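Where a number appears in this text, it was derived from the coordinates with a stated rule and is not lab data. Everything quoted here is computed from the prediction, not taken from an experiment. Cβ: placed from backbone, ideal geometry, glycine included. Neighbour counts: every protein chain shown.
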Amino acid sequence: MKTRAALFHAVGEPLEVVEIDLAEPRPDEVVVRMAAVGICGTDLHQVRGEFRRPTPMVLGHEGAGVVEAVGDAVTRVRAGDDVVLSWAPSCGACAGCRRGRPATCARLNAAIPNGTLPDGTTGMSYRGETVYRGTATGCLAERVVVTEQVALPLAGAVPFEQAALLGCAVLTGVGAVLFAAEVAAGASVLVVGAGGVGQFVVQGARIAGAATIVACDPVEGRRAAALAAGATHAVAPDELRDAMREVLPDGADYGFDAVGDPRTTETALRSTRDGGTTVIVGLPAQGLRLDLDPFELIRKEKRLTGTLYGSEDPAVSLPAMLDLVRAGTLDLAASLGPSFSLDDADDAVQASLAGEAGRVLVVP
């Protein structure tokens, strides 16, 4: 089977759109015709060289599309179904999957740095050479072959451009608030970083009923978007200390780092009140380390934790998010940025690198 895809070759080189070979679907796999793919921060780590993974690689793990064909053993979806891709299928055997957290799956997390699927294969090639998959998915293409567990039914609930965000940004951001931190109504929240995921952390805080939501981001457009998403205050990094003294002089009940850089984590932790909780949501570049003062945790009784993919099984969290969308509580459209064709996939990446306020999409 053939498909056009955007290949990442090396740092500093533009994505190359070529026709690659896709392996035919196995009995438990489906062919998905991609309709929209979001450019995620994980993709940008690879483009900037902050993750060291094999190339050539098809990036993209946040997407939605239509099932074109299914293997003989597939029972969850059928041809013609609208689906959103989840990059975290459960192996059903490891400790993480048994406790309902497939994003922590041992096989999956061994596969991602190697650019493969959890079974160690890629099912993609170009001119006879292996093509690797970004985040065990590789959907920056016209078509992709994935296991049926990756293709979660949408039932036509939302347009594809909005549905793509459910594949990563929404589950990660809203989930961090509702499932990982379990923010209580009336609480105060600080969100450091108001990019694609940060916008949904803000929405999650609003949905949870937080009374005060302070968003911090260096990009003016993102600060404006955060206010529209439900933040009560939005400030630049150099304004944060003064703003916190005025608005939350004791610190926030919950601090979320939606960037993942050690500096932003330190900012979130420093701005969390005594006895409060700081949650690292964004992924750091490979090799970075966090320098902690243990007294920040001990003497002040702060809690520091991480969350991956919203700390919930996507098969559980996706229906919950769709219910919020249908109720008009969760707004997907407001977080959309510009859309680019597959031929212009590199322009989409560059727009995202430049700090575009909304989620940049590729529409194959």
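If you sort the three axes of the alpha carbon gyration tensor as a ≥ b ≥ c, you get a/c under 1.5 for segment 170-310, which makes it rounded. The 3J(HN,Hα) values that the Karplus relation (6.51, -1.76, 1.60; θ = phi - 60°) gives for segment 25-41 are, in residue order, x, 7, x, 9, 10, 10, 9, 10, 7, 5, 10, 7, 9, x, 8, 9, x Hz. Gly and Pro appear as x.
How many times 2.2 N^0.38 Å is the alpha carbon radius of gyration of segment 264-364? Segment 264-364 yields a ratio of 1.44.
Label-to-label distance, VAL18 versus ALA155, with points set 7 angstrom from Cα along the beta-carbon direction: 4.2 nm. Report, in degrees rounded to the nearest 10, the 0 to 90 angle that the Cα long axis of helix 196-208 makes with the longest principal axis of the chain. Roughly 60 degrees between the two axes.
FRET efficiency for the VAL219 to ARG99 pair, using the beta carbon distance and R₀ = 41 Å, is estimated at 0.65. Using R0 = 51 Å, the C-beta based FRET efficiency linking MET1 and LEU227 works out to 0.65. GNM remark for the chain: springs join alpha carbons under 10 Å apart, and the peak mean-square fluctuation among ASP82, ASP21, ASP238 falls on ASP238. Put simply, the amide H of ARG143, placed in the peptide plane, has neighbours under 5 Å in ARG4, MET34, leaving out anything fewer than 5 places away on its chain. Once backbone amide H atoms are built at 1.01 Å from N, LEU7 has GLU16, VAL17, VAL18 as its partners under 5 Å, excluding neighbours fewer than 5 places away on the same chain. Using a cutoff of 8 angstrom between alpha carbon atoms and counting only pairs six or more residues apart, the relative contact order for the chain works out to 18 percent. Scalar couplings 3J(HN,Hα) for segment 217-224, obtained by applying the Karplus form with A = 6.51, B = -1.76, C = 1.60 to θ = phi - 60°, are 7, x, 9, 4, x, 6, 5, 5 Hz; x denotes Gly and Pro. Fewest neighbouring Cβ atoms within 10 Å first, the residues VAL189, VAL183 line up as VAL183, VAL189.
Could you sort the peptides 122-128, 54-60 by per-residue average Cβ neighbour count (10 Å cutoff), highest mean leading? Mind showing how you got there, number by number?
Numbers: 122-128: 16.6, 54-60: 23.7.
Answer by packing, highest mean first, reads 54-60, 122-128.
Length gained on full extension, ARG52 to ALA320, computed as 0.36 nm times the residue gap minus the Cα-Cα distance: 93.0 nm. If the chain linking ASP250 and LEU353 were pulled fully straight, counting 0.36 nm for each residue of separation and taking away their Cα-Cα distance, it would gain 33.6 nm.
Once fully extended, how much extra length lies between VAL363 and ASP238, figured as 0.36 nm per residue of separation less the alpha-carbon to alpha-carbon distance? List each step's numbers first, then the result.
Details: separation 125, 0.36 × 125 = 45.00 nm, distance 3.65 nm.
Gain on stretching VAL363 to ASP238: 41.3 nm.
Toward the positive end of the charge dipole of segment 178-256, with +1 on the Cβ of Lys and Arg and -1 on the Cβ of Asp and Glu, the farthest Cα among GLY230, ALA187, ALA243 is that of GLY230. Scanning residues 5 or more positions from PHE340 or on other chains, those with amide H under 5 Å from its amide H are LEU361, VAL362, VAL363, with H placed 1.01 Å from N in the peptide plane.
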